[in-house]
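K.L.:
Below are the structure tokens for one structure; questions will follow.
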Amino acid sequence: MEQPARVIDEEDGNRQVQERKPRGWKTMPYILANEAASKIALYGVTANLTIYMSDYFNMSLLTANNVTSIFNGFFQFAPLVGAFLSDSYLGQFRTIIYSSFINFLGMALLTLSASVPGFKPPKCNTSDQELGNCVGASTFQHAILYMSLAFLAIGCGGTVPCSVPFGADQFDKTDEQHEKETKSYYNWYYALIAGSIFIAYTVIVYIQSEVSWPIGFGVPTGLMAFSIVIFFLGTKLYIYVAPEGSIFTSIAQVLVASILKRNLVLPYPDDVDQQEKELYDPPISAGKFKLPLTKQFRFLNKAAIIRQGDINQNGSPKNKWALCSIQSVEELKCLIRIIPVWFSGMLYFLVLTQLMNFTYLQGIYMYHKLGPHFTIPPASIYAISYLALTLFIPLYDIILVPLASKITKIKGGITVLQRQGVGIFIIIIANVVGALVSKKVQDSPLSSDGTSSLSVFWLTPQLVLIGVSGAFNDVGQIEFFNTQFPEHASALATAVFYASQAVASYLCTPMVNIVNSVTSKNGKRAWLNDNDILVGRLDLFYYVVAILGVVNLLLFLVSAHLYQYKDMKIRRELNDSNYSEMSSSDTQ
């Protein structure tokens, strides 16, 4: 049975709330086409950003890399702000639309900076570069560049956290068939994104490197415009879930109320079913899942104890900072339960990012020719991992999931936590493989230019394992956060996923510095050389990273064992009851 959802009619200027049935896969051509085009555009613009600023704005590689790092930091943390605005005020559809236009504006400015002579400094030739006589960019030219990057970061802050949950909202979570389709949606969504990034790292990067930067930026800008148009075409079909206010306010209210009532005794402390009947449990809005009271973190249950004078005649609390509903209490518990899993996800991305970063750096010092005439751009080696991810996910969804489901009797084949655990294990193996390959590269004969004579394709095994690991862990994390977060914080769920990547990225440099500081004592050569990665001991560093991965796997296994999932069966029964009440009231 399909569940009518509480939606906002986007065509009604008065924002009238009305019911509309989820259409599932019928909406996906518009949503997924939008995502594919926008991701090719975004990664096509940012993949080669350091090289662009070095070539066109006469920055040193170090300065250009620092600017790129700052941009990436804003890019990864901005979704937290976008998620807050979406969940609290704008809703996902409006956030995606507004942010897409901002993204388009940023790409258009970047394209102009590469095309209009007055928007960039004069081209610097090789001799001037060697003498340090290059003319730097003016204040105006820097302003155009940084404004374009700021628009891109702001735009991504809105589109990144909202795109996944907006697509998931198009499925009826109370219908078993739709629930199965939702799991497939997460798989195919991530496969499509990986395929889009693969195209960006190959086709777009090649255009920028071998054709021209104006065309290399102009193509992504055109794709961004196309993505906005295709997204608008599906407006008649979409479910528009109304924002319900900030979850942070609700969190604070539960914490304050439970502290104020810390000296009160919970009724029926050993019987949660009886206790639930005694606590504040008002009806929830139609179409929203009701969470049952749990014993975990029972101190917070005190926030729902009803004291004399706490409730108005209409049943509402007189002071929301002194009395909270069971629903609010359980939503906070959901967030607390997620913290250990999030921390493990962050460590996973730390292990992954170190491997990705040094695979790229090692690839720079390897043989890049493919045939007599074609040279592989360094940034394009990442495409191997995204291609592996793109090809593996359909195999996983079509073949492995049905086979595993017959054995485990689980709809997704394995649970989302088991899926994450498999990804953590594979990334450990990828680091071990990386160490073995790195040792072979270091021992290989050097070419006349000081690079290894081995082909860059020797890095393929670890890159493929990176892709397969992402198919398990990345998709598992996205599904986990989007299903286990409170419903009205779905955009925040995706933003938290990207925030873990941001924290991991910032931890990479301190970890490298610590390793170099320890290994360079007593006059020894540091494992990781700034100028030539081939002269260090990258293989030993990979083993250290693999050990960190093993520690993370052990921590994750403990967290997964203790984790308490939402009670999906109870949620479905309660929602069916809500649906019956809605239907009877409508007929009246």
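K.L.:
For segment 138-153, just list the computed ³J(HN,Hα) in residue order, Karplus coefficients 6.51, -1.76 and 1.60, θ = phi - 60°, integers in Hz, with x standing in for Gly and Pro.
P.N.:
Result, rounded to whole Hz: 6, 4, 4, 5, 5, 4, 4, 4, 5, 5, 5, 5, 5, 4, 5, 5.
K.L.:
Once the piece of chain linking V116 and S69 is laid out straight, how much longer is it, given 0.36 nm per residue of separation minus the C-alpha distance between them?
P.N.:
14.3 nm
K.L.:
Pick the calculated P(r) over Cα pairs in 10 Å bins from 0, in percent for this structure from (1) 3, 15, 25, 25, 17, 10, 4, 1, 0; (2) 3, 17, 29, 29, 16, 5, 1, 0; (3) 3, 15, 21, 20, 16, 12, 8, 4, 1, 0?
P.N.:
Answer by label: (1).
K.L.:
Kindly write out, for segment 220-227 in residue order, the coupling ³J(HN,Hα) from the Karplus curve 6.51 cos²θ - 1.76 cosθ + 1.60 (θ = phi - 60°), rounded to whole Hz, with x marking Gly and Pro.
P.N.:
x, 5, x, 5, 5, 4, 4, 5
K.L.:
Got a number for the accessible area of L395? Probe 1.4 Å, square angstrom, nearest 10.
P.N.:
Surface open to solvent at L395 totals about 80 Å².
K.L.:
Using a Förster radius of 25 Å, what is the FRET efficiency between R298 and W321 based on their Cβ-Cβ separation? Nearest 0.05, please.
P.N.:
Values: r = 20 Å, r/R0 = 0.81.
Working from the Cβ atoms, E equals 0.75.
K.L.:
Amide H to amide H, which residues 5 or more places from I311 or on other chains are under 5 Å from it, using H placed in the peptide plane?
P.N.:
The list, which skips near neighbours in sequence, is K318.
K.L.:
Suppose R0 equals 25 Å. What FRET efficiency, 1/(1 + (r/R0)^6) with r the Cβ-Cβ distance, do F374 and L233 give to the nearest 0.05?
P.N.:
Computed FRET efficiency for F374 and L233 comes out at 0.05.
K.L.:
Further, regarding this structure: Please give the contour-minus-distance gain from K26 to L507: 0.36 nm per residue of separation, less the Cα-Cα distance, rounded to one decimal in nm.
P.N.:
My answer for the length gained is 169.0 nm.
K.L.:
Heavy atoms of the protein only, probe of 1.4 Å, neighbouring chains included. What is the accessible area of D270 in Å², nearest 10?
P.N.:
130
K.L.:
Calculated FRET efficiency, A150 and K277, Cβ-Cβ r, R0 60 Å, to nearest 0.05?
P.N.:
With a Förster radius of 60 Å, E is 0.65.
K.L.:
Further, regarding this structure: Run the helix sum for the chain: -39,500 (n - 2.57) per DSSP H stretch of 4+ residues, divided by residue count, reported at 222 nm to the nearest 500 deg cm²/dmol.
P.N.:
-21500 deg cm²/dmol
K.L.:
Also, quick follow-up: Ignoring ligands, DNA and RNA, what accessible area per residue does the chain give at 1.4 Å, in Å²?
P.N.:
44
K.L.:
Expressed as a whole number of Å, what is the distance separating the alpha-carbon centroids of segment 301-338 and segment 472-519?
P.N.:
31
K.L.:
For K409, list the lysines whose Cα falls under 20 Å from its own Cα; do not include residues on the same chain fewer than 8 positions away.
P.N.:
In chain and number order, the partners are K173, K180, K183, K566, K569.
K.L.:
Moving on to the next point. For segment 308-416, what does the relative contact order come out to in percent, with C-alpha contacts under 8 Å and a separation of six or more?
P.N.:
10 percent.
K.L.:
Answer rounded, prolate or oblate for segment 299-449, using the Cα gyration tensor with square roots of eigenvalues a ≥ b ≥ c: rounded when a/c is under 1.5, else prolate when a/b is larger than b/c, else oblate.
P.N.:
It comes out prolate by the Cα gyration axes.
K.L.:
What is the gain in length, in nm to one decimal, between V518 and V535 on full extension, counting 0.36 nm per residue of separation less the C-alpha to C-alpha distance?
P.N.:
Gain in length upon complete extension: 4.4 nm.
K.L.:
Something else about it: How much of the accessible area of segment 455-560, in percent, comes from carbon and sulfur atoms when a 1.4 Å probe is used?
P.N.:
On segment 455-560, the fraction of accessible area on carbon and sulfur atoms equals 66 percent.
K.L.:
State, as an integer percentage, the relative contact order of the chain based on alpha-carbon contacts under 8 Å between residues 6 or more apart.
P.N.:
Relative contact order of the chain: 19 percent.
K.L.:
Further question: So if I take the centroid of the Cα atoms in segment 174-230 and the same for segment 20-96, what is the distance between those two points in Å?
P.N.:
Cα centres, segment 174-230 to segment 20-96: 11 Å.
K.L.:
For a quick check of understanding: with a 1.4 angstrom probe and all protein chains in place, what accessible area in square angstrom does L255 have, to the nearest ten?
P.N.:
Approximately 80 Å² of L255 is accessible to the 1.4 Å probe.
K.L.:
Between R307 and S212, how many nm apart are label points set 7 Å from Cα along the C-beta direction?
P.N.:
Output for this residue pair reads 7.3 nm.
K.L.:
Can you pull the percent of segment 228-292's accessible area that's carbon plus sulfur, 1.4 Å probe, other chains left in place?
P.N.:
Heavy-atom surface of segment 228-292 belonging to carbon and sulfur, 1.4 Å probe: 61 percent.
K.L.:
Sort K183, K566 by heavy-atom solvent-accessible area, probe 1.4 angstrom, most to least.
P.N.:
Solvent-accessible surface, decreasing: K183, K566.
The values are calculated or read from the model by the stated rules, or taken from the named source; none is laboratory data. Because the structure is predicted, anything quoted here is derived from the model rather than measured. Positions of Cβ are generated from backbone atoms using ideal geometry, with glycine treated the same way; all protein chains shown enter the neighbour counts. For the accessible areas, the whole protein counts, side chains as well, though only heavy atoms, and no ligand, DNA or RNA atoms are used. Shrake-Rupley method; radii C 1.70, N 1.55, O 1.52, S 1.80 Å.
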